[in-house]
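Written out below as structure tokens is the structure these notes cover.
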Amino acid sequence: MTDPYRPRRSVLYVPAANDKALAKIATLACDAVIIDLEDGILPADKAAARDKLAGILATRPKRRCEMLVRINPLASEWGADDLLAASKAEADGILLPKIGTPRDILEAGDLLDDNFAPDSVKLWAMIETPKALLNIGAIAELGRDPASRLACFVAGTNDLAKATGTLVTPDRRYLMPWLMQLVLAARAGGLHVIDGVANDFRDLDAFARECAEGAAMGFDGKSVIHPNQIEPANRAFSPSPEAITAARTITDAFARPENVGKGVIAMDGRMVERLHLSEAEKLLAKAAIIGA
Ligand code: COA
Ligand code: MG
């Protein structure tokens, strides 16, 4: 995990061809924006969309908001030019679609290195193919090597459902094993991991439920496609007031003189260990960063 905590609660897709949506970015409270050159852009418009990147990134919000570019696959006719244009436009990160193996990440990293892209340009990976899921442990392992630039996984649930023939139900029950595997792999590699999109952007009750579920599963944030989804995602992936109170109770308890030398204490009939203390400290630090 990137240290200190970097909020990635709401990650908003904006198609590079949608000028009205692009103009709105500066007014929105999302933690990250993904300027999309891939699925949201028709082949005939790809080159024109790429040419707009520098202008789009030059007007990035003043507040804290990561700006990413989702490029076309490197193997496609557009991929390499997209990658270099995104790096030149000083994107914070480049989101690689349809990856399958660690090699796909390494190739993108090599291309960035060969073109003297600063280390600050990170790579994010869409996990949306069966092959990527089968190789997820090896891909995640790259997160342990800063030279790989890999920082974050994004679940591509629409493509995954399409590629596997899996039915997407409101409770996402058939996708669940893969999503949990993705969270596990991300943690093993020290990466952030973002849940997939909810296509029905008018149903905010269903969206709030899906965000709560994603947070409980261990995701760091949610992919969002519409401004109305930002606030519910930010809320679901922030520590709740109850969680902050509970964390303070734990840090206070361990700070008491009688507990200073103890590895484990009892609190209201529950065992609380030092691992809970570090978890509580982490949660409070996260809440402070989000609040700041
Ligand atoms: N980013 C920024 N602004 C957006 C936005 C987005 N992703 N989606 C909608 N908006 C803006 C609209 O431009 C509109 O702005 P206005 O208030 O200035 O008129 C406002 O939010 C309300 O939009 P609304 O009319 O409800 O939706 P729409 O019909 O304009 O757009 C979608 C609906 C789905 C086409 C649009 O949300 C979208 O393109 N989302 C991203 C899809 C995408 O990137 N998919 C690929 C990755 S999964
Ligand atoms: Mg996709």
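Out of the range 152-171, which residues are over 22 Å from the mean Cα position of the chain (by Cα) and part of a helix (DSSP H, G or I)?
At the first step, the residues of the range 152-171 found to be over 22 Å from the mean Cα position of the chain (by Cα) are 164-167, 169.
Result: Thr164, single match.
Is one or more of the residues making up the range 121-131 open to solvent by less than 30 Å² (accessible area, probe 1.4 Å) and within 13 Å of ligand 1 (Cβ to nearest atom)?
First pass over the range 121-131, keeping only residues open to solvent by less than 30 Å² (accessible area, probe 1.4 Å): 121, 123-129.
Retained after the next criterion (residues that are within 13 Å of ligand 1 (Cβ to nearest atom)): 126, 128.
Within the range 121-131, one or more residues are open to solvent by less than 30 Å² (accessible area, probe 1.4 Å) and within 13 Å of ligand 1 (Cβ to nearest atom).
What about Glu231, is it part of a helix (DSSP H, G or I) and over 14 Å from Pro7 (Cβ atoms)? I'd like the intermediate steps shown before the answer.
Details: part of a helix (DSSP H, G or I): yes; over 14 Å from Pro7 (Cβ atoms): no.
So Glu231 does not fit the description; no.
So, in the range 6-32, how many residues would count as being within 8 Å of ligand 1 (Cβ to nearest atom) and either of a type in the set (Gly, Ala, Ser) or open to solvent by less than 40 Å² (accessible area, probe 1.4 Å) (or both)? Outline the logic, then answer.
Narrowing the range 6-32 to residues within 8 Å of ligand 1 (Cβ to nearest atom): 12-15, 18, 20-25, 28.
Retained after the next criterion (residues that are either of a type in the set (Gly, Ala, Ser) or open to solvent by less than 40 Å² (accessible area, probe 1.4 Å) (or both)): 12-14, 21-23, 25, 28.
Qualifying residue count, the range 6-32: 8.
Okay, residues lined up against (1) touching a helix residue (DSSP H, G or I) at 6+ places or on another chain (Cβ under 7 Å); (2) farther than 18 Å from Gly196 by Cα:
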position: Ala108; (1), (2): yes, yes
position: Asn115; (1), (2): yes, yes
position: Glu128; (1), (2): yes, no
position: Ile139; (1), (2): yes, yes
position: Leu142; (1), (2): yes, yes
position: Ala151; (1), (2): no, no
position: Ala161; (1), (2): no, no
position: Gln181; (1), (2): yes, no
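Condition test on Arg63, is it in a loop (DSSP other than H, G, I, E, B) and out of contact with any strand residue (DSSP E or B) (no Cβ under 9 Å at 6 or more places or on another chain)?
Working: in a loop (DSSP other than H, G, I, E, B): yes; out of contact with any strand residue (DSSP E or B) (no Cβ under 9 Å at 6 or more places or on another chain): yes.
Judged against the criteria, Arg63 is a match.
Determine whether Val193 is among the β-branched types (Val, Ile, Thr), over 18 Å from Leu284 (Cα atoms), assigned by TED's automatic domain parsing to the domain that holds Lys24 and in a loop (DSSP other than H, G, I, E, B). First the steps, then the outcome.
Working: among the β-branched types (Val, Ile, Thr): yes; over 18 Å from Leu284 (Cα atoms): yes; assigned by TED's automatic domain parsing to the domain that holds Lys24: yes; in a loop (DSSP other than H, G, I, E, B): no.
In short, no.
The values are calculated or read from the model by the stated rules, or taken from the named source; none is laboratory data. Since we're looking at a predicted model, the values are computed, not measured. For neighbour counting, all protein chains shown are included, and Cβ atoms are generated from backbone atoms with ideal geometry for every residue, glycine included. What goes into the accessible areas is simple: the full protein's heavy atoms, side chains included, and nothing from ligands, DNA or RNA. Shrake-Rupley method; radii C 1.70, N 1.55, O 1.52, S 1.80 Å.
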